[in-house]
Amino acid sequence: MSGAPASRSTNCAGKGCRRHLAVALACVGALLGTKLNADFYFGAAVGGDRLPSMRLVSGDDDRASRCDEYINPRYAELPACTAPDRSVGAADAWSSRFASAWGAQSGVAVGYRLGERYRIELEADYGSVGLDTSSPIIAPSGIPYDTVAAPELADAYERIGNAKFLGLFVTAYVDLPNPSRFTPFIGIGTGVGFASMDYDVLWERTDNLDNIVYAGAGLPNEDEIRRNLVGGDTRARQRLRDRLGAAHVTLGIGYALTERMSLEIRARHVRSSAFGDGGSYITLRGHPSGLRRDGSEPVRWHVGTEDTSRTHVGLRLNYRL
């Protein structure tokens, strides 16, 4: 490549360069032509926001209870408790399911009309859905954990409170003008979404010492482990947050109220990338979120979902400047 003549990188006399130049000039001419007919406008929207049914998949880098120094001071005698690999595997994961729900949606937009049929917008959409519901934690086997680990585990659930989504989009619209005051349109946009949700998780250990039967089984200090573990709940509560790539398709029909004002009925489907966040437990088996008293093995959890699509249905009022 270094031996190629320098004139090939700077000479634009060839047919290929002339063709690209002609296309560029045509595009500039088209933009200049449409700019003369362009109009700015503002829009404000209200409506409903539907969150789909959602499956949360969660996990942490915890070890077995018998490897927890707070529970078993003799953990170092067990080779598995000092192995370096604490990565989350299929056996360490859990899941829960939540039904779809509706909430409120609002939005604002600044638009720029390019001729009669085309327009482009900068949009901000905000949706809030109050789920406020709990779901049993499911083991990889498909059975609820409070059944698998009974009677030692009294309850195990995840809860989602309020789920919010702020989307910032650049959207291109195509209008289908006709002699009537109604104008159907379609829009495609891309941008970024800021998602958040209130999240709680609880693994409630029984307060009955006789029901602590698994953690210390077969160990010489089994009674000590059982006493340390009884009533030792694991819980977390946090506002989960993540930034997502997002895109949408919007369909609707507008009605010209006056020369400057129009009212739109619109429906939008938003698809986003996977959501995920995590943190430390408030309590891990009744003690700080770590396995060692010197703090050398902190424990963190993570929760995520791929069910991030949303549907908006509502009205928008546009005002042309």
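The values are calculated or read from the model by the stated rules, or taken from the named source; none is laboratory data. What you see is a predicted model, and the numbers here were worked out from it, not measured in a lab. Every residue, glycine as well, gets a Cβ built from its backbone with ideal geometry; the counts of neighbours run over all protein chains shown.
Restricting attention to the range 237-256, and to residues there that are hydrophobic (A, V, I, L, M, F, W, C) and under 18 Å from residue 121 (Cα atoms), which single residue is surrounded by the most Cβ atoms within 10 Å (Cβ to Cβ)? I'd like the intermediate steps shown before the answer.
Taking the range 237-256 and keeping what is hydrophobic (A, V, I, L, M, F, W, C), we get 240, 244, 246-247, 249, 251, 253, 256.
Remaining after also requiring under 18 Å from residue 121 (Cα atoms): 246-247, 249, 251, 253.
Values: 246: 24, 247: 17, 249: 14, 251: 13, 253: 13.
The qualifying residue surrounded by the most Cβ atoms within 10 Å (Cβ to Cβ) is 246.
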Name the residues in the range 196-227 that are aromatic (Phe, Trp, Tyr) and in contact with a helix residue (DSSP H, G or I) (Cβ under 9 Å, 6 or more places away or on another chain), would you?
203, 214
Looking for something in a strand (DSSP E or B), within 30 Å of residue 319 (Cα to Cα) and under 18 Å from the mean Cα position of the chain (by Cα) - is there at least one such residue anywhere in the range 277-288?
no
Residue 94 passes all but one of the listed conditions (1) over 30 Å from residue 321 (Cβ atoms); (2) modelled with pLDDT of 95 or more; (3) surrounded by 18 or more Cβ atoms within 10 Å (Cβ to Cβ); the exception is number (2)
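Which of the strands (runs of 3 or more DSSP E) contained wholly in the range 82-176 include at least 1 residues that are of a type in the set (Val, Ile, Thr)?
Values: elements: 94-98, 101-114, 118-136, 153-175.
Per the criteria, 101-114, 118-136, 153-175.
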Out of 154, 76, sole residue that is in contact with a Ser or Thr (Cβ under 8 Å, 6 or more places away or on another chain), aliphatic (A, V, I, L, M) and over 28 Å from residue 200 (Cβ atoms):
76
When the range 160-194 is examined, which residues are found to be surrounded by 18 or more Cβ atoms within 10 Å (Cβ to Cβ) and under 30 Å from residue 302 (Cα atoms)?
160, 163, 164, 165, 167, 169, 191, 193
Residues in the range 295-321 that are polar (S, T, N, Q), part of a loop (DSSP other than H, G, I, E, B) and within 16 Å of the chain's Cα centre (by Cα) total 2
Filter pass, residue 165 being in contact (Cβ under 8 Å) with a residue 40 or more places away in the chain and within 19 Å of residue 55 (Cβ to Cβ):
yes
Do you know which of the residues in the range 177-204 that are assigned to a strand (DSSP E or B) and small (Gly, Ala, Ser) is nearest to the chain's Cα centre (by Cα)?
195
Right, residue 147: of a type in the set (S, T, N, Q), over 30 Å from residue 250 (Cβ atoms) and exposed (fewer than 15 other Cβ atoms within 10 Å of the Cβ) or not?
yes
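Here is a yes/no grid of residues against (1) within 30 Å of residue 195 (Cα to Cα); (2) outside any strand (DSSP E or B); (3) hydrophobic (A, V, I, L, M, F, W, C); (4) modelled with pLDDT under 95:
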| site | (1), (2), (3), (4) |
| --- | --- |
| 5 | no, yes, no, yes |
| 27 | no, yes, yes, yes |
| 49 | yes, no, no, no |
| 62 | yes, yes, no, yes |
| 73 | no, yes, no, no |
Failed criterion for residue 131 (all others in (1) surrounded by fewer than 14 Cβ atoms within 10 Å (Cβ to Cβ); (2) within 30 Å of residue 270 (Cβ to Cβ) hold)
(1)
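Could you check the range 248-276 and list, in sequence order, the residues that are in a strand (DSSP E or B) and farther than 30 Å from residue 51 by Cα? Steps first, answer last, please.
Our first condition is that a residue be in a strand (DSSP E or B); within the range 248-276, this holds for 248-256, 261-272, 275-276.
Within the range 248-276, 256, 261 meet the criteria.
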Only one residue in 254, 218 is of a type outside the set (A, V, I, L, M, F, W, C), over 30 Å from residue 196 (Cβ atoms) and in contact with a Ser or Thr (Cβ under 7 Å, 6 or more places away or on another chain). Which one?
254
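Answer yes or no: is there a residue in the range 203-217 that is among the acidic types (Asp, Glu), over 16 Å from residue 171 (Cβ atoms) and in contact (Cβ under 8 Å) with a residue 60 or more places away in the chain.
Of the range 203-217, the ones among the acidic types (Asp, Glu) are 204, 207, 210.
Now narrow it down to the ones that are over 16 Å from residue 171 (Cβ atoms): 204, 207, 210.
Now restrict to residues that are in contact (Cβ under 8 Å) with a residue 60 or more places away in the chain: none.
Taking every residue of the range 203-217 in turn, none turns out to be among the acidic types (Asp, Glu), over 16 Å from residue 171 (Cβ atoms) and in contact (Cβ under 8 Å) with a residue 60 or more places away in the chain.
Going by what's in this entry, would residue 182 be described as out of contact with any His (no Cβ under 7 Å at 6 or more places or on another chain) and within 21 Å of residue 115 (Cα to Cα)?
Numbers: out of contact with any His (no Cβ under 7 Å at 6 or more places or on another chain): yes; within 21 Å of residue 115 (Cα to Cα): yes.
Spelling it out, residue 182 is indeed out of contact with any His (no Cβ under 7 Å at 6 or more places or on another chain) and within 21 Å of residue 115 (Cα to Cα).
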